[in-house]
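Heads up: the structure comes next, in structure tokens.
The values are calculated or read from the model by the stated rules, or taken from the named source; none is laboratory data. Quick caveat: nothing in here was measured; it's all calculated off a predicted structure. With ideal geometry, Cβ positions are generated from the backbone for all residues, glycine too; neighbour counts draw on all protein chains shown.
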Amino acid sequence: MGLGHRIHRGLHGGACDHDGGLMHRPRLYETTAAIAFGGLRRVVYDNLVELSAAAPGERVLDVGCGPGYLSRRAARAVGPAGRVEGIDPSPEAIAYATRSAPPNATFLVAAAEHLPHADRTFDLVISSFAIHHIAPDERGAALREMRRVLRPGGRLLIADFRPPRSRFVSRLVGEAVKHNPVGELASLVTGAGFVITGRGDRRHRLHYIQAVPARVSAADAGRRASP
């Protein structure tokens, strides 16, 4: 069993593929994540918030929020006039996030592919290290849901780990990156109706994509609405 697989099982409480990798031990996850980022977790996550361009007063959705660390960092950026909502399918993670929530953040048990929000609700959707936990045949639906809940002019930031190039490191981390679709992120994002506005790599083997909803002409909208 690779080190990554051991860490994955520890973080998710022995979760298997049939439960979608639900997080069962959020406190352990937070401790392990702090160690894994070498004391730079706050810097890394604040960099993601900066890349998202979260601004005071905005309403933000964090998809696959886990224990809510990125949500809490985004809540600082949007300030008391803004709101952040985190969703995750794990009741344990949401309970933990709720206990640690600042006044302008709330958390809800929900799946990315079935967001319980009205159309055009949010200014910004963010998602970090979550897409690889979504079943491959549901990832497109999850991205389409993220687009649906964005307001006109809204933005998307999605980030995940880049698989290591070294065969030795790949064997070491094992399951932690086995199902990581980072190479497919661009096609998933554009296939869901987004236009990519930026992409790149950051420290700790992170890859990110910035995007906005593609504009749909009135004619195209009419054709899509036709039976």
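Observations
- Here residue 75 clears all of (1) more than 16 Å from residue 123 (Cα to Cα); (2) part of a helix (DSSP H, G or I) except the condition numbered (1).
- Helices (runs of 4 or more DSSP H) lying entirely in segment 100-188 (those with 2 or more residues that are at pLDDT below 95 and farther than 22 Å from residue 71 by Cβ): 167-173, 175-178
- With respect to the conditions (1) touching a Leu at 6+ places or on another chain (Cβ under 6 Å); (2) part of a loop (DSSP other than H, G, I, E, B), residue 66 lacks only one, and its number is (1).
- Candidate set from segment 70-84 (those that are under 14 Å from the mean Cα position of the chain (by Cα) and either in contact (Cβ under 8 Å) with a residue 60 or more places away in the chain or buried (at least 22 other Cβ atoms within 10 Å of the Cβ) (or both)); member that is farthest from residue 116 (Cα to Cα): 73
- In segment 40-69, residue nearest to the chain's Cα centre (by Cα) [restricted to those that are buried (at least 22 other Cβ atoms within 10 Å of the Cβ) and among the charged types (D, E, K, R)]: 62
- Positions within segment 119-138 being within 20 Å of residue 75 (Cα to Cα) and either touching a residue at least 60 places away in the same chain (Cβ under 8 Å) or crowded, with 16+ Cβ neighbours inside 10 Å (or both), in sequence order: 121, 122, 123, 124, 125, 126, 127, 128, 129, 130
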